[in-house]
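In what follows, a structure is listed as structure tokens, so that the remarks can point back to it.
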Amino acid sequence: MFAVLKTGGKQYRVQSGDVLRVEKLDAQAGDEIQFNEILMVGDSIGAPLVEGAGVKATVIDQIKGPKTINFVKRRRKHGSQRKKGHRQQLTLVRIGDIMESGADKSGIRAALTGRGIAFATGAVALAAAGAAAAYAASAKKAEKPAKAAKAAAPKAAAATAGADDLKQLSGVGPALEKKLHAEGITTFAQIAAWSDAEVEEFGEKLSFKGRIEREGWIEQAKELSK
């Protein structure tokens, strides 16, 4: 009986006893592993995978593929060239039993590529469930500040409902008016009552240092507040 398995983004047609070179797996020589992404086994064709099917294998060795040379040359003025070699890391395995069903209860760890940890069969689903739960918790946590901001919006609107049109002051536009509102300054009377220390303080906060005096805000505010 043969099976078609998928690992490392590639598909392989295998039979019991075959020796196979696959993308590097997280396993040591002598480890028994199990491929669970089975696209076809015997007469059963997956949609896309055959449920409950698996292919057992034994790791023979961790090896490297043949060296490939990558050469890039750029023409024209100030062109450059680069040459580098690469040897793909591979795992040599011997195919064992091919199971049409019951692979999810075998207890043999799954064959995982890359730097992942080889989990016991079925633990991948648990890990995915844990990740989903963590995502839901983080989404719920992020929802709280959003709700608080939404609740604060009517209060902010109420605070500026009776505000003066501060844009009447020289040099004040919509953006600067918002900054003043954020600092609690909403009326001409407040600006007219500023002390020298407050003028310097708000000049720093608004990145408007020196211009409050030059634009004559306090004098303008006194006139506008009458």
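Relative contact order, whole percent, for the stretch 166-224 stands at 40, derived from Cα pairs under 8 Å and 6 or more residues apart. Cα extents for the stretch 166-224 along the principal axes, largest to smallest and rounded to whole angstrom: 23, 21, 19.
Using C-alpha pairs below 8 Å separated by at least 6 residues, the relative contact order for the stretch 4-103 is 34 percent. From the cross-link list Lys10/Lys83; Lys179/Lys226; Lys56/Lys84; Lys24/Lys77; Lys10/Lys77; Lys6/Lys73, which pairs have alpha carbons spaced over 32 Å apart? In this structure, Lys56/Lys84; Lys24/Lys77; Lys10/Lys77; Lys6/Lys73 exceed 32 Å between Cα atoms.
What's the exposure ranking of Arg211, Arg74, going from fewest to most Cβ atoms within 10 Å?
In increasing order of surrounding Cβ atoms, one gets Arg74, Arg211.
Can you give me the C-alpha center-to-center distance between the stretch 1-54 and the stretch 92-115, rounded to a whole angstrom? Computed from Cα coordinates, the inter-centre distance equals 7 Å. Using the Cα coordinates of the stretch 47-110, the gyration tensor eigenvalues translate into equivalent-ellipsoid semi-axes of 44, 16, 8 Å, sorted from longest to shortest.
Read-outs: derived from the displayed coordinates by stated rules, not from any lab. Keep in mind that what you see is a predicted model, and the values were worked out from it rather than measured. Ideal geometry is used to build each Cβ from the backbone, glycine not excepted, and the neighbour counts take in all protein chains shown.
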